[in-house]
Amino acid sequence: MRAVVIHQAGAPQQLAMEERPVPQPKPGWSVIRIRAFGLNHAESITRRGGSPSVQFPRVIGIEAVGEVAATQSPALTVGERVTTLMGELGRQFDGSYEEYVLVPDTQIYPLPLSGDWAQLATIPESGYTAWGSIKNCQIVAGQSVLVRGGTSTVGIAAIQLMTAMGVHVTATTRRAEKSAFLKRQGAEAVVLDVAGKLQTTANYDAIIEFVGEVTLLDSLTHLKHPGGYLNVTGELADQWTLDGFSSFNIPSGSYLTSFQSTDINRQWLAEMMQLIADKHLEFPIGAQFTLDEIVAAHELLDAGTADGKIVVTV
C-alpha cells in the first residue's frame, strides 16, 4: 500500500510517498481501508515539529472515513462504513495519510450517513470539535452565540450545527470579503475582528473561541453575565499561554471552560451525525486532492486560503 511518511520536521516537501505492507488486524485493533480524510491545522503543526510527543518517522493524520477492511472484533463488520479520529491517531501510532490504517477498536465509530467520501471527510474532526464545544456551553435554541474564528473549518461546522438547532449565530472574521461566505453558512450576522478587537458592543449568551489566547480577553468582555459561557476550543493563532491573565477577567457569574477532542464521547458523536442527517447539512469542501497531491494540499493548508475543508481522497 501507499503511505505518506515524515522522516524529519519541516516544509510540506517532507511528506514522502512510500510503499509499505498492508497492516494486519490483531486483538483489539482493526484495519480500515481509508477512502478520504480532511486536513487539520494540528497536522501542519506536527509536520513542522511542533508536537514534541510525536516521534518521526510517522504517518500523520488525525481523522479518516472509510470501510472496515479486516477485524477480529465481533462488534465490527468487514465493509461497514466507519470513521476514526483523534486519540493518538497520527501521533503515537500511524494515522490517516495512507491507504490502510491499523486502529484500536475503541477508536472506530459508525458512519451512518450517505454521500460521497469527499463530502463525508469534511465531518469527523471539525464536526465533533464544534459539537463538543456546543455541548460544553449548554447551548439551546433561541440563544445568541458568537463563533470567534468563523472561517475556520470547525467554525463553519459550529455555525451550521447551531443554525440547524435554531440558535442565533454571529461569526467573526478578519476579512470583510468573507462576510457573504459566512452568511451562506448560516450566520445571521458577521463582526469584523480588527487586531484582536471585535467591532461591536454586543454581548452573547455563549462564545466559542477558536482563535485562542490572543483574543480571549476581548472575548470575555462580550459575554453576557451572569450565566454566559465562553469555551476555548482552538488555538488558530498558535499562542498557547496568556501572560497576565486573572480569574477576575471572567465576568461575575459567568463561566470559562475549554473543549479538547482527544477522547470521543460516542453519544455526542451519534447526536451530531443525527443532526447532520436530519437537517441535510453539508460542510463546504475548500479544495480536493488525491493522496499523490499531499504536498500541494499541505501548501494550501499552510496558506490558510481555502473556504472550507481541504479533503484528500485515497
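The values are calculated or read from the model by the stated rules, or taken from the named source; none is laboratory data. None of the values given here were measured: they were computed from a predicted structure. Cβ: placed from backbone, ideal geometry, glycine included. Neighbour counts: every protein chain shown. Keep in mind that these areas ignore ligands, DNA and RNA; they rest on the heavy atoms of the full protein, side chains included. Shrake-Rupley method; radii C 1.70, N 1.55, O 1.52, S 1.80 Å.
A few points about this structure:
- Listed options for mean projected area of the Cα convex hull in nm² are (i) 19.5; (ii) 15.6; (iii) 17.1. The value calculated from this structure is the one marked (ii).
- Within-15-Å neighbourhood charge of Asp205 [Cβ basis; K, R +1; D, E -1]: +1
- Just checking the listed ones, Leu120, Leu102, Leu242: in the Gaussian network model of the chain with Cα springs under 10 Å, the one fluctuating most is Leu242.
- Prolate is the label for region 1-90, because the ratio a/c of its alpha-carbon gyration tensor axes (a ≥ b ≥ c) is 1.5 or higher and a/b is greater than b/c.
- Based on protein heavy atoms only, the chain ends up with 42 Å² per residue of surface accessible to a 1.4 Å probe.
- Beta-bridge orientation, region 194-283: approximately 10 percent antiparallel, per DSSP, counting only bridges with both partners inside.
- Using a cutoff of 8 angstrom between alpha carbon atoms and counting only pairs six or more residues apart, the relative contact order for region 1-127 works out to 31 percent.
- Choice from Ser96, Ser254, Ser246 showing the highest fluctuation, given a GNM over the chain with Cα pairs closer than 10 Å: Ser246
- Inter-site label distance for Gln55 and Phe248 at 7 Å from Cα along Cβ, in nm: 4.7
- Options Tyr128, Phe210, Val167, ranked by Cα towards positive dipole end of region 121-248, top entry (Cβ charges): Val167
- Candidates Asp218, Asp193, Asp243: whichever shows maximal mean-square fluctuation once the chain is modelled as a Gaussian network with Cα springs under 10 Å: Asp243
- Summed residue charge, Cβ within 15 Å of Ile285's Cβ, Lys/Arg positive, Asp/Glu negative: -3
- Sorted largest first, extent of region 205-314 alpha carbons per principal axis (Å): 52, 35, 24
- Antiparallel bridge percentage (DSSP; both residues within the chain; nearest 5): 55
- Look at the dipole of region 1-47 built from charges on Cβ: of Gln24, Gln13, Ser44, the Cα furthest out on the positive end belongs to Gln24.
- Working from label points 7 Å from Cα in the Cα-to-Cβ sense, the Thr313 to Arg175 distance is 2.6 nm.
- Distance in nm between pseudo-label sites at Asp292 and Gln13 (7 Å out along the Cβ direction from Cα): 2.1
- Between Val101, Ala180, Gly155, the Cα set farthest toward the positive side of the dipole of region 98-227 (charges on each charged residue's Cβ, about the Cα centre) is that of Ala180.
- Rounded to the nearest 20 debye, the dipole size of region 185-314 about its Cα centre is 460 debye, using +1 on the Cβ of Lys and Arg and -1 on the Cβ of Asp and Glu.
- Cβ charges +1 (Lys, Arg) and -1 (Asp, Glu), total dipole of region 1-154, debye: 300
- Cβ-based net charge around Gly149, under 11 Å, with every Lys or Arg adding one and every Asp or Glu removing one: -1
- Under a model in which nothing but the beta-carbon of Lys, Arg (+1) and Asp, Glu (-1) is charged, the chain shows a dipole of about 360 debye around its Cα centre.
- Taking a ≥ b ≥ c as the square roots of the eigenvalues of the Cα gyration tensor, an a/c ratio of 1.5 or more together with a/b no larger than b/c marks region 1-151 as oblate.
- What the Cβ-Cβ distance of Glu80 and Glu188 gives, at R0 = 35 Å and to the nearest 0.05, is a FRET efficiency of 0.35.
- The chain: calculated mean residue ellipticity at 222 nm from DSSP helix runs of at least 4, using -39500 (n - 2.57): -7000 deg cm²/dmol
- Cα gyration tensor, region 133-236 - rounded (a/c under 1.5), prolate or oblate: rounded
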